[in-house]
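Inspection log for the structure reproduced underneath, given as structure tokens.
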Amino acid sequence: MTTSTDRGGKRPRLVKAATEVFAEKGYATTRVADIAERAEIGKGTVYEYFSSKEELLFAVFESMNQNITSRMNAVLDDDEPAQEQLFNLLRLGAEVITEQRELQPVVLDFWAASRGGGFENSYRQAVVASYTLYRKLISDFIRSGQHNEKFRNDVDPDALAATVVATVDGLGIQLYFDRSIDARRITEEFAHLLYESLTTESS
């Protein structure tokens with residue numbers, strides 16, 4: 001990966017510009033020159049920070065994940081009761097997929113780019129790492145609730161965490177294609193069902 005002293009915050013400017021241009025034009029048709037123009041940075045300067053368009057796509061994906069992870073941590077580190085934390089977590093999911101609705105093509109491009117090419121292993125590892133982290137944050141939250149006797153102990157935290165991630169992820173894809181979907185209402189309903197499943201004694 002290309003490294004350079006970041007004078008004037010050019011690297012984050014390039015990542016922001018790449019995010020916008022990839023979303024508008026698609027990864028395949030975007031040129032490095034398009035990103036440089038959007039960032040108001042010379043094309044040659046781009047290569048001081050990124051060796052290729054693929055590396056820029058990777059940086060966009062990392063930036064999106066860092067944003068989501070920091071916001072999830074903020075919700076789960078809060079001193080709210082377990083029920084409110086759970087609802088806030090799902091509300092955050094709705095916020096993120098709504099905010100990033102126009103970025104869904106970038107995510108799809110990232111998935112497509114994970115097949116073939118020299119970056120395939122790096123892309124796959126990044127995707128696995130991000131999903132693993134999201135599942136762990138949620139499963140740790142459920143385990144903490146079980147430890148504090150707030151949640152049922154016969155619930156599998158890992159399985160439930162994977163279901164939560166899959167639900168929000170899939171809802172984001174639906175929202176991109178169908179703008180009539182109310183992500184907040186759907187996740188609120190899901191949060192109610194999820195909390196009930198965590199707290200209702202099994203018969």
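The values are calculated or read from the model by the stated rules, or taken from the named source; none is laboratory data. In this text, all values refer to a predicted model and were calculated from it rather than measured experimentally. Reconstructed Cβ throughout: ideal geometry from the backbone, glycine too, with neighbour counts over all protein chains shown. Each accessible area value is taken on the protein alone, full model and side chains, heavy atoms only, with ligands, DNA and RNA left out. Shrake-Rupley method; radii C 1.70, N 1.55, O 1.52, S 1.80 Å.
Expressed as a whole percentage, what fraction of the accessible surface of the range 4-137 belongs to carbon and sulfur atoms when a 1.4 Å probe is rolled over the protein heavy atoms?
50 percent
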Along the range 80-86, Karplus-curve 3J(HN,Hα) (6.51, -1.76, 1.60; θ = phi - 60°) to the nearest Hz, with x for Gly and Pro, reads 5, x, 4, 4, 5, 4, 4
Number of Lys pairs in the chain closer than 28 Å at Cα, excluding neighbours under 8 places apart unless interchain, is 11
With x for Gly and Pro, the residue-by-residue ³J(HN,Hα) of the range 130-139, computed from phi through the Karplus equation 6.51 cos²θ - 1.76 cosθ + 1.60 at θ = phi - 60° and given in whole Hz, is 5, 5, 4, 5, 4, 5, 5, 4, 6, 5
Taking Cα atoms, the helix 183-199 axis meets the longest principal axis of the chain at an angle in degrees (rounded to 10) of 40 degrees
The range 130-203 and the range 45-81 have their Cα centres apart by a whole-number Å value of 22 Å
Helix 53-76 sits off the longest principal axis of the Cα atoms of the chain, rounded to the nearest 10 on a 0 to 90 degree scale, by 30 degrees
The longest stretch of the chain containing none of the trypsin sites (Lys or Arg not before Pro) that sit in a DSSP loop with at most 12 other Cβ atoms within 10 Å is 32-114
Rg/Rh of the range 46-203 (Cα atoms, Kirkwood Rh), to two decimals, equals 1.02
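How many percent of the accessible area of the range 141-203 is carbon or sulfur, using a 1.4 Å probe?
49 percent
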